[in-house]
Amino acid sequence: MNRFGWVAGLIFLSTSVAAQVPADIELNVIVDSNAGLNSPVAVRSPNDGSGRLFVVEQGGTIKIFDTKGNPLSQNYLTLPVTESSEQGLLGLAFDPDFATNGTFYIAYTAPSTDPKLGALPDQVLRRYVATNPAANTFAGSSQIVLRVPDLYSNHNGGNILFGGDNYLYWGMGDGGSGGDPNGFAQCVWKKAADGNPATCGNTSGNGPFYYLLGKMMRLDVRHTTAVATANMCGATVGQTAQYAIPATNPYASQSNKCAEIWDYGLRNPFRFSFDSQTHDLIIGDVGQNLYEEVDYEPFASTGGRNYGWNLCEGRHYYSASGSGTTCPATTSSIAPVIEADHSGGRCAIIGGYVYRGPSQSLRGTYFYSDNCSGDIYYATPGGASWDGGNGTIAATGLNGGNVSSFGDDASGNLYAVDLNGRVLLLQTDTIFANGFDGP
Ligand SMILES: [Ca+2]
Ligand SMILES: [Ca+2]
């Protein structure tokens, strides 16, 4: 492409947020509030050809809905968790070969009666292996893969997904409170050169385990480790670990940094996704009091990226060391592609998906929401800023209630989950895919 064409492309991207979504875009109720769902926080497809949708309830239950949106009579799985506004059963990820190996993972806050590494119940990653992958109630075995200690009940991340590389990504919040008082999000050290880096806070006892807070972890959960090494911050040195470190993780070969870390500088990456076509990683990172953000990472990335928290909040300084919007550049962290302030009733971003489903006119558009406003927003991926670099947010005019999550299925249908007990399907009115009835 010639220079002029490249410049023209930039001009197009800078104005692309003003593009209109189709007039016939709709948000249709697939599971309504009478279906008995209690605080749903995730929807997942097992991609096994069954058409089943698995819906995660924060209180510790996984339910299955059929292709018409009707709940099956029995729960798929129930487990004890600690539940509060941000604690609970938070994530579900099916192994890419679930149809044959029956393996899936959940992320949850442990019940208060479990042993714990920190002051509060751990955030736990657990593997399940179903004896019969096609069964509608779980029977089989399970084991804990990794535990992360916690200090405050908020900021627990909890989304888990397999990437296009077949590694499991687990978004972890900064531990909680406000402002990341211990500086965990900027701390990648297993052991500091001087033995006690000030930026890593007071973590007496189980120190290194805390350094997984405020991170995107990347784990090879399809393999175990016979003898855990010193840079595995989620395992005890010398003991067996129920996961392995991908050799291509940024700190895999460094002795003094946590090998589980893929990215750092995250506050609460509550919901993230992978573009099913490009495998790019797109993270919704919940802001402090002023700025929500979306972070973007191409599939070709080698990780080790610093998304800025708690130096920056969005494109703005958070720390007292500066002011204005030059924070990412000044701190050498990565600026978000979308920054959303708290006008319009926004309080906490809900990261969404790039649509790749049957409604052709929606393909390639990124849809996301906010837990307080419930508005469904959209942006066109491309370049370093999807909002024109100035925080201009584009709304579809659709509202999903207290949106907690999005999810897709094998056909690319995009679902939004409403904490009020609903699952919604985003589509244009000419498409009723996967057997769902139209309005
Ligand atoms: Ca927490
Ligand atoms: Ca950031």
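The values are calculated or read from the model by the stated rules, or taken from the named source; none is laboratory data. Small disclaimer: the values here were computed from a predicted structure and weren't measured. Neighbour counts are summed over all protein chains in view; Cβ atoms, including those assigned to glycine, are modelled from backbone coordinates with ideal geometry.
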Can you find even one residue in the stretch 51-65 that is closer than 22 Å to residue 427 by Cα, outside any strand (DSSP E or B), at pLDDT below 95 and among the charged types (D, E, K, R)?
no
Tell me, which residue of the stretch 304-332 that is of a type in the set (A, V, I, L, M, F, W, C) and surrounded by fewer than 24 Cβ atoms within 10 Å (Cβ to Cβ) is farthest from ligand 1 (Cβ to nearest atom)?
329
Only unsatisfied item for residue 388, checking (1) surrounded by 24 or more Cβ atoms within 10 Å (Cβ to Cβ); (2) in contact with a helix residue (DSSP H, G or I) (Cβ under 7 Å, 6 or more places away or on another chain); (3) of a type outside the set (Val, Ile, Thr), is (1)
In the list 363, 346, 356, which residue meets the criterion of being of a type in the set (Lys, Arg), closer than 15 Å to residue 294 by Cβ and surrounded by fewer than 24 Cβ atoms within 10 Å (Cβ to Cβ)?
346
Among the residues in the stretch 169-179, are any at negative phi, out of contact with any Lys or Arg (no Cβ under 6 Å at 6 or more places or on another chain) and assigned to a loop (DSSP other than H, G, I, E, B)?
yes
Consider residue 254 carefully, then state whether it is surrounded by fewer than 18 Cβ atoms within 10 Å (Cβ to Cβ), assigned to a loop (DSSP other than H, G, I, E, B) and touching a strand residue (DSSP E or B) at 6+ places or on another chain (Cβ under 9 Å).
no
Among the charged types (D, E, K, R) and either within 16 Å of ligand 1 (Cβ to nearest atom) or under 18 Å from residue 155 (Cβ atoms) (or both), is that true of residue 341?
no
Yes/no for residue 335 being buried (at least 19 other Cβ atoms within 10 Å of the Cβ), more than 9 Å from ligand 2 (Cβ to nearest atom) and modelled with pLDDT of 95 or more:
no
Selection count where residues are among the aromatic types (Phe, Trp, Tyr) and over 19 Å from residue 173 (Cα atoms), scope the stretch 95-138
4
Subset of the stretch 218-235 (residues that are of a type in the set (A, V, I, L, M, F, W, C) and either surrounded by fewer than 24 Cβ atoms within 10 Å (Cβ to Cβ) or over 14 Å from residue 169 (Cα atoms) (or both)):
221, 226, 227, 228, 230, 232, 233, 235
Quickly run through the stretch 274-308 and pick out the residues that are under 26 Å from residue 362 (Cβ atoms), more than 16 Å from the chain's Cα centre (by Cα) and within 11 Å of ligand 2 (Cβ to nearest atom).
none
Could you check the stretch 146-183 and list, in sequence order, the residues that are within 12 Å of ligand 1 (Cβ to nearest atom) and under 11 Å from the mean Cα position of the chain (by Cα)?
156, 157, 158, 172, 173
Which strands (runs of 3 or more DSSP E) sit wholly inside the stretch 66-164 and have at least 1 residues that are at pLDDT below 95 and either within 16 Å of ligand 2 (Cβ to nearest atom) or among the acidic types (Asp, Glu) (or both)?
140-150
